[in-house]
Each structure stands twice: as structure tokens, then as C-alpha cells.
Amino acid sequence: MPRSHKAIDGFAVDLLGQIINQFLTFVSIPIIISNTNQSNYGFWLTIGSIMTWISITDLGIGTALTRQLIKVQTIFDGDQLLDKRNVLLSTSFVFFLIAAIVFFVCSIFLYPVSIKWFHISAADNRTYFLTYFLAAFAGAISLPLSIYGGILEANQKMVLNRNVATGASLFNILFSVICIYIFKDVQFLALSLLLTVLLKSLILYFFAHKNYAFSLNFSSFSKQEFQGLLKFGGNFQLAKLANTVASNTDNLFIGSNLGLGFVPIYTFTSKFFQTFSVVIVSKIPGVIFPGLAEIFDQDGQHKIQIVFTCLIKLLVRIGIFGSVFVCLFNHVFVRLWVGEFNYGGDYLNWVLVYLLFYETIFRGTASIILVYGDMASWAYVSLFEAILNIILSILLVRDYGLTGIAFATAASRTFTTGAYLIFYFIRKGLINKSLIKVVLEVFLKSIPTIVFLFLFQLYFIDQNWFGLAAVGILGLLINVITFDLLTIWRFKHEGWREILSKVLHNGN
């Protein structure tokens, strides 16, 4: 199967899984918060942020492993491939075990600090303790167990890996809702997470061993391979630090300065933003990364330029649709979903609209940096972004509340990594006059969709769930008609993968 079809299959399966997952999440959250209190749910959201911070202890070895496996499997074959693969996997597994121990030890040391920082009362201490350490144990064991998913990803078994991930997520949601409904205790969210990690890892272990010959042996540890993984992974993780700050310090600053009760409000108001820019768009670089890495290893610079142009066209299109939709309908969505009191306000929403468009473009092109391997300078710029984000958050949170937190993220990302990426893509020749022309064309073709969404919001004041779903579906339909109708008609007798491939390539 061609790389483009593998990428399309992977993205389609992942997107479908995310749609199902997000739908069940939307349905489950009102049930969860109605069977526990807002502060306890704030525990869970904040603990998740702490665990994400601690997860940087893996030093990006997971991504480095995938990249190195692709390279090894491109260069070697036969017994030599088997030997190289075993050494690489064994080295990674040893490091993951060490990282898991460090992860859990860090969790232990941070526990008493978190109690004081978030002002956990004596009455809530037992619930917080159990929730915290169940989540910590789940996070620790997920590190060494993630190696099996990395094997499938490196071999472009993306559909299989994402099907397993989707199934695990569905189990997590359903089990959480049942337990919360019966026991009304937030610690069962952490228990569900732990069971999900174990179940997912067991299934991935089975498929990895079924499809590929490899063995994990401590004696196969290679210092040279470890240094190679650490060089790439360390820079990647330093770059990832900025995203960790942007995604997970918000809850920490809100919880410590405004109270844990405000954490769900921020989370609920930014849910549409997270769904568009993180849940959907972040899947795109994930599915194209293995194929792009193979192209680069085979000296396919021209093809990377073609893929980048198609990628920018798709991302700008998604970014425009998503940002306009959030601007006009996010208030209605939050009110219908969890109640008016959980909406963070229009000022916060406007910042989220900008962040959605920004994140869609820049998060979606992140895999290009990984493919070229130019991680050092990107890592330092990302570190500067993280520092700036923290400083601005401290300065703005008390006077401007939730809006100040979001603005700190938007400003720090725009003037550091955003500016750097533009410079980098220009230097690589990926941003040129023809690309600018493509972007302008996308803006012009998006006008009918924007007009429709604005008119719907203007004249259909009493929106309900049916109206919200209708405007979303009709908006997407108008967008597809405007952009893709001629291409779909021209290639209507081809398979759906081929039609989608032609759509992404502008009908060529």
C-alpha cells in the first residue's frame, strides 16, 4: 500500500476514534460532575497536569525510538536488521524502566508539595491520596509498556495502533462513568486509567510479537545506541517542554491562585479549542511522520515540499473553520453541555479563537522539524517559550484571571516558537510565493463557509443541540462543496482513498 494511503487510513481511523471518544467524553462529563463535586473533579484535572509534567522524565526516548527504528528498517534487512532492531529495542526498554522509577519517585516527592499548593483539606486528603498515586503508578508503568506501540508505529501499522488506542479510551470512559455513578468517588477515574494502561499494553504486546520478530534482553543494551537516542530524544523533550507548559501549567496556576473550582471552568470553555487543535490536528503529524521520515532517509526533499504544501492547505482550511465556529458557538456549546456558570467569558473565548488558529498551523507542521532532525535550536527556542509562558502567567493570573492565563500562552508561543518556525521553513525553502498563493486561495474559498456560520448565529438565536449539530454539519458540507466538489466529481469512480488523496493534492 502506498505511503499516502497508509497515512490516510491512519488518520481516518484515528479521527473516527476521536469523534467517538469525544462524543462519549461530552456525554460522560456531565454524569461525572453530577455524581461528584466540582472541587474533586478539579483534583483529577490538576493531577493529570502534574503527571504530564513528570512524564518529561522519559526524555523523548519514545519519539527517538520510532525515528531510529524507521532508519534501521530502511537501511538494513535480514539477520542484520533483526540484530539492530533487538539492540535498539532492548536499549530503549532499559531506559524506559529507569524513567519509570524516576517518574514514580518524583511523584512521591511532589505529593506533599501539591497538598500545600492546592490547599487540600483534611476531609479530602484520602480521596486525593488514592487518586494521586493510582494515576502516578499508571503513568510510571505506561513508559516501558509504550515500547510495543512504538514498534507498530515505526512499521506504519498506524491503523492497528490507533484502533487499540481507541478501544482502550472507550473502555476508560465507560468504566469511569459506571464506577463514578455507583461509588461517587473521583479516585475511580485513576483506577480506570490504570486498568486501561494495562489492557492497552497487553493487546499491543500481542500484536507487536505477532507481526515482528524481536526480543528484549538486558544484555543487548548498547551504550552507543543509548547516546544516539538520548541526543535526539533529549532535544525533542526539551522542545516538548514548551508544549507541556502551555497545556498543563494553566491548571496548576489556576488551581493555586484562583482555586480548584476554576480549573473545570477553564477546561470546559477550552474544550472546543482542544478538540480542534489538539485532538484532531495533532493526529496529522503523527500519521505522516513515519512516511516523511522514510522519504527523507531516501533523499526525497522534493516530495517533502509537496507534502508540506498540501499540509499547509489542509491546516489553514481546518484552522479557519474551527476558529470561526468556536468564536460564534462556543458559548452556546458550553451552556448546553455543562451550564452557563461553566463558561469562562467572551474575552477568554477570543483568546482561544486565536490560539486555535495558531495551534492548528504550527502543531500540524511539527513533524517537519523531527524529520529533518534539527532539534537543538528548536529545543532552546521552546525552552525560552516555556520560561516566558510561566513569567507571563504569574504576572497576569491574579489581575486577569482565566483570560490572563490563556493570553500568556498565546503571547509566549507566538513570539518564540511561532516566529522561529516561520524563519525555519523559509530557510528550508518550504515557504515561498507559491505557498502564499495557496494560503490566499484557501482564505477566499472559506468565505462562503464563514458567511453561512455568521448568518446562522445571527438569525438562529435560541440554539439547542440539534441546531448546533445542524450548523456544524451544514458548515462542513458547504466547505466541502466550495473546496472539493469538482475534484470529487472528476474522480468519482475511484476509491475513497484515491479521491481523498486527490483532494489533498488539489485535484492533481
Check: Within the range 320-331, is even one residue surrounded by fewer than 20 Cβ atoms within 10 Å (Cβ to Cβ) and either among the hydroxyl-bearing types (Ser, Thr, Tyr) or over 17 Å from SER446 (Cβ atoms) (or both)?
Finding: yes
Margin query: Tell me yes or no: at least one residue of the range 57-79 is within 30 Å of ILE265 (Cα to Cα) and either outside any helix (DSSP H, G or I) or at pLDDT below 70 (or both).
Written below: yes
Next item on the list: Sort through GLY234, GLY255 and tell me the only one that's at pLDDT 65 or above and either open to solvent by less than 30 Å² (accessible area, probe 1.4 Å) or over 19 Å from the mean Cα position of the chain (by Cα) (or both).
Entry: GLY255
Next item on the list: Determine whether the range 458-468 contains at least one residue that is farther than 18 Å from LEU314 by Cβ, modelled with pLDDT under 90, aliphatic (A, V, I, L, M) and surrounded by fewer than 16 Cβ atoms within 10 Å (Cβ to Cβ).
Entry: yes
Margin query: So, in the range 211-231, exactly how many residues are modelled with pLDDT of 80 or more and exposed (fewer than 12 other Cβ atoms within 10 Å of the Cβ)?
Written below: 5
Next item on the list: Can you run down the residue pairs with Cβ atoms below 7 Å, 6 or more apart or on separate chains, where the first is in the range 396-411 and open to solvent by less than 40 Å² (accessible area, probe 1.4 Å) and the partner is in a helix (DSSP H, G or I) and of a type in the set (S, T, N, Q)?
Entry: VAL397/ASN257; ILE405/SER393; ALA408/ASN389; ALA408/SER393; THR409/ASN389
Margin query: If I ask for residues that are open to solvent by 60 Å² or more (accessible area, probe 1.4 Å) and under 21 Å from LEU230 (Cα atoms), which ones from the range 76-96 would you list?
Written below: ASP83, LYS84
Check: If you go through the range 424-435 one residue at a time, do you hit one that is within 26 Å of VAL324 (Cα to Cα) and either polar (S, T, N, Q) or modelled with pLDDT of 90 or more (or both)?
Finding: yes
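In this structure, is ILE108 farther than 17 Å from GLY228 by Cα and out of contact with any Gly (no Cβ under 6 Å at 6 or more places or on another chain)? Spell out how you get there, then give the answer.
On the way: farther than 17 Å from GLY228 by Cα: yes; out of contact with any Gly (no Cβ under 6 Å at 6 or more places or on another chain): yes.
Yes: the conditions hold for ILE108.
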Item checked: Where a residue in the range 212-229 is touching a residue at least 40 places away in the same chain (Cβ under 8 Å) and its partner, wherever it lies, is in a loop (DSSP other than H, G, I, E, B) and open to solvent by less than 80 Å² (accessible area, probe 1.4 Å), with Cβ under 7 Å and at least six apart -> TYR212/ASN155
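Can you confirm whether LYS437 is among the charged types (D, E, K, R), closer than 30 Å to ILE368 by Cα and in contact (Cβ under 8 Å) with a residue 12 or more places away in the chain?
no
Quick grid of which residues meet (1) at positive phi; (2) touching a residue at least 40 places away in the same chain (Cβ under 8 Å); (3) surrounded by 23 or more Cβ atoms within 10 Å (Cβ to Cβ); (4) in a helix (DSSP H, G or I):
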residue	(1), (2), (3), (4)
PHE129	no, no, no, yes
LEU134	no, yes, no, yes
ALA140	no, yes, yes, yes
PRO144	no, yes, no, yes
VAL159	no, yes, no, yes
ARG162	no, yes, yes, yes
PHE188	no, no, yes, yes
LEU191	no, yes, no, yes
LEU195	no, no, no, yes
Notebook entry, point to check: Which condition does SER247 not pass, out of (1) closer than 30 Å to ALA376 by Cα; (2) open to solvent by 40 Å² or more (accessible area, probe 1.4 Å); (3) modelled with pLDDT of 80 or more; (4) not charged (D, E, K, R), if it passes all the others?
Noted result: (3)
Notebook entry, point to check: Which of the residues belonging to the range 423-457 are under 16 Å from GLY319 (Cα atoms) and among the basic types (Lys, Arg)?
Noted result: LYS445
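Does TYR343 satisfy being surrounded by fewer than 18 Cβ atoms within 10 Å (Cβ to Cβ) and either in contact with an Asp or Glu (Cβ under 7 Å, 6 or more places away or on another chain) or under 22 Å from CYS327 (Cα atoms) (or both)? Spell out how you get there, then give the answer.
Values: surrounded by fewer than 18 Cβ atoms within 10 Å (Cβ to Cβ): no; either in contact with an Asp or Glu (Cβ under 7 Å, 6 or more places away or on another chain) or under 22 Å from CYS327 (Cα atoms) (or both): yes.
In short, no.
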Margin query: Just to be sure I understand, how many residues within the range 164-186 are at pLDDT 85 or above and open to solvent by less than 20 Å² (accessible area, probe 1.4 Å)?
Written below: 5
Next item on the list: Only residues that are touching a residue at least 24 places away in the same chain (Cβ under 8 Å) and out of contact with any Phe, Trp or Tyr (no Cβ under 9 Å at 6 or more places or on another chain): list them for the range 342-353, please.
Entry: GLY345
Check: Quick check: anything in the range 496-504 at pLDDT 75 or above, open to solvent by 40 Å² or more (accessible area, probe 1.4 Å), over 17 Å from GLU441 (Cβ atoms) and touching a helix residue (DSSP H, G or I) at 6+ places or on another chain (Cβ under 9 Å)?
Finding: no
Checklist line | Positions within the range 412-431 being surrounded by 13 or more Cβ atoms within 10 Å (Cβ to Cβ) and outside any helix (DSSP H, G or I), in sequence order | finding: LYS428, LEU430, ILE431
Next item on the list: Name every residue in the range 68-118 that is over 30 Å from ALA138 (Cα atoms) and under 26 Å from the mean Cα position of the chain (by Cα), in order of residue number.
Entry: LYS71
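Out of the range 112-127, which residues are surrounded by 16 or more Cβ atoms within 10 Å (Cβ to Cβ) and not in a helix (DSSP H, G or I)? Steps first, answer last, please.
Step one: filter the range 112-127 for residues surrounded by 16 or more Cβ atoms within 10 Å (Cβ to Cβ), giving 114-115, 118, 120, 124, 127.
Residues satisfying the conditions are PHE118, ILE120.
The values are calculated or read from the model by the stated rules, or taken from the named source; none is laboratory data. From a predicted model like this one, the values you see are computed outputs, not experimental measurements. As a convention, Cβ positions derive from the backbone with ideal geometry for all residues, glycine included, and neighbour counts pool all protein chains shown. Please note that ligands, DNA and RNA were not included when accessible areas were found on the heavy atoms of the full protein model with its side chains. Shrake-Rupley method; radii C 1.70, N 1.55, O 1.52, S 1.80 Å.
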